[in-house]
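**Student:** Below is one structure. I have some questions about it.
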Amino acid sequence: MSAAGNGRPAPPLAGIRVLDFSALLPGPLATLLLAEAGAEVLQVERPPHGDEMRGYVPRLGDSSANYALLNRGKRSAAVDLKDPAVRDRLLALAPEVDVVVEQFRPGVMDRLGLGYEDFRAVAPGIVYCSITGYGQTGPAAGRAGHDLNYLAESGLLGVVVDEHGDPHLPPTVIADIAGGTYPAVLNVLLALFRRQTTGEGCHLDIGMTPNLSTLAYGYLATHAGSGTWPEPGRDLLTGGSPRYHLYRTADGRHVAAAPLEERFWQRFCDLVDLPGPLRSDAGREDEVIAAVAERIAAHPAAHWSERFAGEDVCCCVVATLEEAAGSQTLRTRSGHRVAGPGFDVSALPVPVVDQLRSQPRSLPYPPLRTGPEALTFDRAAGPSERSA
């Protein structure tokens, strides 16, 4: 691996070029991860305003903070994909490109003359990644959807319910990231690795809803082993056990208690003063949950935070986002930043280890450039394994 010119090894994707037709979250986050590992990303946006996320609030400079964090260090070009001249320019650029990421409904890129076969005709080694809600084929392929729909149809949304039997909104867009972004990055890297040996590219079909099945591994295992499906809210990890539960404190906050193993559970019982007979919770889970809840509710969160400090019980107070951002437990201060006129903020923390990233530095998000002439990459040379 060549050096990056500063004494550090070059990041692993240095020289890889990515043409990104995606917008909003799944694709842009995927290409951000590739960029943080050294790839050069050219984002193709829709004129005249570009990615819809640019218009969100709050703002950082000319675009939204969301857009700024997700598109740090990329280049941008806003062009009309229905213009034949733009299509020709993109296909002429294809031999310089290693990866294409697109997030349209199935068939859209083919109709524009920019589908996988169009790119492969001029760049046989292209890795073409299509991210959709339901995959490229099947009865749901052409349907519109959002993260909440994908979680609902996967069955995951309904496995944790409240006392009324109602599911709740998830804390973040799980399907977009766990079903879209991460599988896209994983498969792009695998395809690039295989291309080093075969010289061949491929079309990657990343369906967010079917990819959520991996997250349901425990429920699928239950069905495979017993022929039954878990009852919502009654499984070990979904609210049916006192050993994996959320308990409200006296001041309206919550304790996340996960003392699953017996040694953790017994020490937890000591700390909350649970009577001996209730410590054998098998078959009387609801009774024990109620007893623990009563004891946790007797004191504020600060009491329990102090009580559990230094104890091996797998318990903590549910943090606010502000508390989490200031916590030394989280790796959020890597030196990578997003900067521009009037702002300089921390970059989005990403799961790319520091050894595989470029040297920490400030990079801007891309200004919106328009016209076919904006469809260019920075570097003149690409990786030796690129197949034209």
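**Student:** Amide H of S362: which non-local residues (sequence gap of 5 or more, or other chain) have their own amide H closer than 5 Å, using H built in the peptide plane?
**Tutor:** Residues meeting the criterion, in which the H sits 1.01 Å from N, are R337.
**Student:** Using helices alone, what [θ] at 222 nm do you get for the chain, with -39,500 (n - 2.57) per DSSP H run of 4 or more residues, divided over all residues and rounded to the nearest 500?
**Tutor:** -8000 deg cm²/dmol
**Student:** Here's something else I'd like to know. Which of the DSSP-defined H helices in the chain satisfy a minimum axial length of 20 Å, computed from C-alpha atoms, and a minimum mean Kyte-Doolittle hydropathy of -0.5?
**Tutor:** Both cut-offs are met by 182-198.
**Student:** Report the gain in length on full extension from A140 to L186: 0.36 nm times residue separation, minus Cα-Cα distance, nm rounded to one decimal.
**Tutor:** Working: separation 46, 0.36 × 46 = 16.56 nm, distance 2.40 nm.
So the extension gain works out to 14.2 nm.
**Student:** Count the net charge of all other residues whose Cβ sits under 15 Å from the Cβ of N66, scoring Lys and Arg as +1 and Asp and Glu as -1. Numbers along the way, then the final one.
**Tutor:** Values: positive: R54, R59, R72, K74; negative: E45, D51, E52, D62, D147, D176.
Net local charge, N66 excluded: -2.
**Student:** Under the Karplus relation 6.51 cos²θ - 1.76 cosθ + 1.60, θ = phi - 60°, what is the ordered set of whole-Hz ³J(HN,Hα) values for segment 343-351, x standing for Gly and Pro?
**Tutor:** 8, 7, 10, 5, 5, 4, x, 10, x
**Student:** Out of residues 5 or more away from H299 or on other chains, whose amide H comes under 5 Å of its own, with H placed 1.01 Å from N in the peptide plane?
**Tutor:** A250
**Student:** List, in order, the whole-Hz ³J(HN,Hα) value for each residue of segment 128-138 obtained from phi through the Karplus relation with A = 6.51, B = -1.76, C = 1.60 and θ = phi - 60°; use x for Gly and Pro.
**Tutor:** 10, 10, 10, 10, 9, x, 10, x, 7, 10, x
**Student:** Here's another thing I want to ask about it. Rounded to the nearest 0.05, what FRET efficiency do E231 and E262 have when you use their Cβ-Cβ distance and R0 = 22 Å?
**Tutor:** Efficiency at R0 = 22 Å is approximately 0.35.
**Student:** Also, quick follow-up: Show me, for segment 355-369, the HN-Hα J-couplings you get by feeding each phi into the Karplus relation (A = 6.51, B = -1.76, C = 1.60, θ = phi - 60°), rounded to Hz, glycine and proline as x.
**Tutor:** 5, 9, 10, 6, 4, x, 6, 8, 9, x, 8, x, x, 7, 9
**Student:** Express in nm, to one decimal, how much length is gained between R194 and E163 on full extension, taking 0.36 nm for each residue of separation and deducting their alpha carbon distance. Present the calculation step by step, with values, prior to reporting the outcome.
**Tutor:** Details: separation 31, 0.36 × 31 = 11.16 nm, distance 4.97 nm.
Taking R194 through E163 to full extension adds about 6.2 nm, to one decimal.
**Student:** Could you tally the net charge around E117, taking each other residue with its Cβ under 13 Å from the Cβ of E117, Lys/Arg +1 and Asp/Glu -1?
**Tutor:** Once all neighbours under 13 Å are counted, the net charge is 0.
**Student:** Moving to a separate point now. For R59 and L278 in the same chain, what is the full-extension length gain: residue separation times 0.36 nm, less their Cα-Cα distance, in nm? Can you show the working numbers first?
**Tutor:** Values: separation 219, 0.36 × 219 = 78.84 nm, distance 5.31 nm.
Gain in length upon complete extension: 73.5 nm.
**Student:** Considering only C-alpha atoms, what is the centroid distance from segment 274-344 to segment 1-72, in Å?
**Tutor:** A separation of 34 Å, based on Cα centres.
**Student:** Which residues' amide hydrogens lie under 5 Å from the amide hydrogen of V127, considering only partners 5 or more residues apart or on another chain, with H built in the peptide plane?
**Tutor:** V99, V100, C202
**Student:** At a Förster distance of 22 Å, what's the computed FRET efficiency of A297 paired with A319, Cβ-Cβ distance as r, to 0.05?
**Tutor:** Computed FRET efficiency for A297 and A319 comes out at 0.70.
**Student:** Could you provide, to the nearest whole Å², the per residue accessible area of segment 214-364 with probe 1.4 Å?
**Tutor:** 59
**Student:** Give me the percent of accessible area attributable to carbon and sulfur for the chain, probe 1.4 angstrom.
**Tutor:** Working: 10880 of 19550 Å².
Here it works out to 56 percent.
The values are calculated or read from the model by the stated rules, or taken from the named source; none is laboratory data. From a predicted model like this one, the values you see are computed outputs, not experimental measurements. Because the Cβ atoms are built from the backbone with ideal geometry, glycine has one as well, and the counts that use them run over all protein chains shown. Note: areas computed on protein heavy atoms with side chains; ligands, DNA, RNA excluded. Shrake-Rupley method; radii C 1.70, N 1.55, O 1.52, S 1.80 Å.
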